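The values are calculated or read from the model by the stated rules, or taken from the named source; none is laboratory data. Remember, predicted model here, so these are calculated numbers, not experimental data. Glycine gets a Cβ as well: all are built from the backbone with ideal geometry, and neighbour counts include every protein chain shown.
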Amino acid sequence: MTKVAPIDQRKADHIKINLEQDVRSALTTGLENYHFIHEALPELDLNRLDPTVKLFGKTLASPTLVSSMTGGTSEAETINLRLAEAAQECGIAMGVGSQRAAIEHPEQAKTFQVRRVAPDILLFANLGAAQFNYGYGIDQCRQAVDMIQADALYLHLNPLQEAVQDAGNTNWAGIAKKIEEVCKKLEVPVIAKEVGWGISERTAKLLADCGVSAIDVAGAGGTSWSQVEMHRAPDEFTRQLAATFVGWGIPTAESIVSVKRAVPEMTVFASGGIKDGLDIAKCIALGATLGGMAGQFLKAAAVSTEKAVEMMKLTKRQIEVTMFAAGVETLEGLALSLVEG
């Protein structure tokens, strides 16, 4: 019987827990505090609205991102291929889950390699920034990018998850300098990404100084990875430690505003508790370029590629109808129609 490597088991646990357990944050995204002004006479043709976005040299059919989720197991390979096939058909961006499993176990690389079904999508590789204090460097970053022929690299920031995880990587001292080095040397853009607790003004400025090309705020209000870790805790001490932080983080809406205030020129991706195209439209209006969803796409892809396509098409239409009902022809126009309260 093949022994399952600990990192592979963790990835399998993460998929199972996200599909079967309630792992929501106790916070909301804050997007519910905003709405668009309805225009009863929009003077627009719904089918001629343009929700396309140009980013990193590619044109996306809508400002939608399949947020980084998974990889490293056979089930993850199936899900990634279905998500990528659907993203290819719908013309949207996609990020893979952390590729550390494949760097440490090369036989796992195929679970992330989705270019065979998605040759044209904007695709993001993914490594944990904490690994820079545990032996990783520019070579592993290049390896992650080359492994999947990615257009850019996500460096995910998950200090709280590591802190409440059994045997997590908790030495984060000096990581910024190492991110800066990667930004200078890597041949593709580097994107800093939280995993569900948001980016503050202070961190946004620090990341901008490091030279990142974009920031994915991944704010609070959706999946709480401390709750995920609570469900896989090996003992009561670790379970209680993880459970403490169910209400931690910066809500997604607040984080977008904070990052744009701190570094107005920064390209921002919005994720964290985004549930539909209306939420994505709100994020665009607040200053984001893309809106990312994970849970909805994961659940759809667990069924079939067709279900994932259906969900992506619905999300695009929700964005278009929001533009139509708000009386704006372009994504840029959404900001003029959004009000707080």
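For Ala326, all conditions in the list (1) among the hydrophobic types (A, V, I, L, M, F, W, C); (2) closer than 29 Å to His38 by Cβ; (3) at pLDDT below 95 hold save one; what is the number of the exception?
Unmet condition: (3).
What number of residues within region 51-75 are over 16 Å from the mean Cα position of the chain (by Cα) and either part of a helix (DSSP H, G or I) or modelled with pLDDT under 95 (or both)?
Total meeting the criteria: 4.
Regarding Thr289, is this residue surrounded by fewer than 24 Cβ atoms within 10 Å (Cβ to Cβ), of a type outside the set (A, V, I, L, M, F, W, C) and touching a Phe, Trp or Tyr at 6+ places or on another chain (Cβ under 7 Å)?
So Thr289 passes the test.
Which one of these does Cys283 not meet: (1) within 28 Å of Glu265 (Cβ to Cβ); (2) surrounded by fewer than 19 Cβ atoms within 10 Å (Cβ to Cβ)?
Condition (2) is where Cys283 drops out.
Go through the residues of region 232-251 one by one and say whether even a single one is small (Gly, Ala, Ser), within 17 Å of the chain's Cα centre (by Cα) and surrounded by 22 or more Cβ atoms within 10 Å (Cβ to Cβ).
So far as region 232-251 goes, yes, one or more of its residues are small (Gly, Ala, Ser), within 17 Å of the chain's Cα centre (by Cα) and surrounded by 22 or more Cβ atoms within 10 Å (Cβ to Cβ).
Which of the residues belonging to region 16-51 are within 20 Å of Ile280 (Cβ to Cβ), in contact with a Leu (Cβ under 9 Å, 6 or more places away or on another chain) and surrounded by 13 or more Cβ atoms within 10 Å (Cβ to Cβ)?
Matches in region 16-51: Leu31, Tyr34, His35, Phe36, Pro51.
Name the single residue that is surrounded by the most Cβ atoms within 10 Å (Cβ to Cβ) among those in region 160-204 being among the aliphatic types (A, V, I, L, M), closer than 14 Å to Glu229 by Cα and over 18 Å from the mean Cα position of the chain (by Cα).
Checked region 160-204; the qualifying residue surrounded by the most Cβ atoms within 10 Å (Cβ to Cβ) is Val164.
Considering region 93-108 alone, what residues qualify as being of a type outside the set (Val, Ile, Thr) and surrounded by 20 or more Cβ atoms within 10 Å (Cβ to Cβ)?
If the condition is that a residue be of a type outside the set (Val, Ile, Thr) and surrounded by 20 or more Cβ atoms within 10 Å (Cβ to Cβ), then Ala93, Met94, Gly95, Gly97, Ser98, Gln99, Arg100, Ala101, Ala102, Gln108 are the ones that fit.
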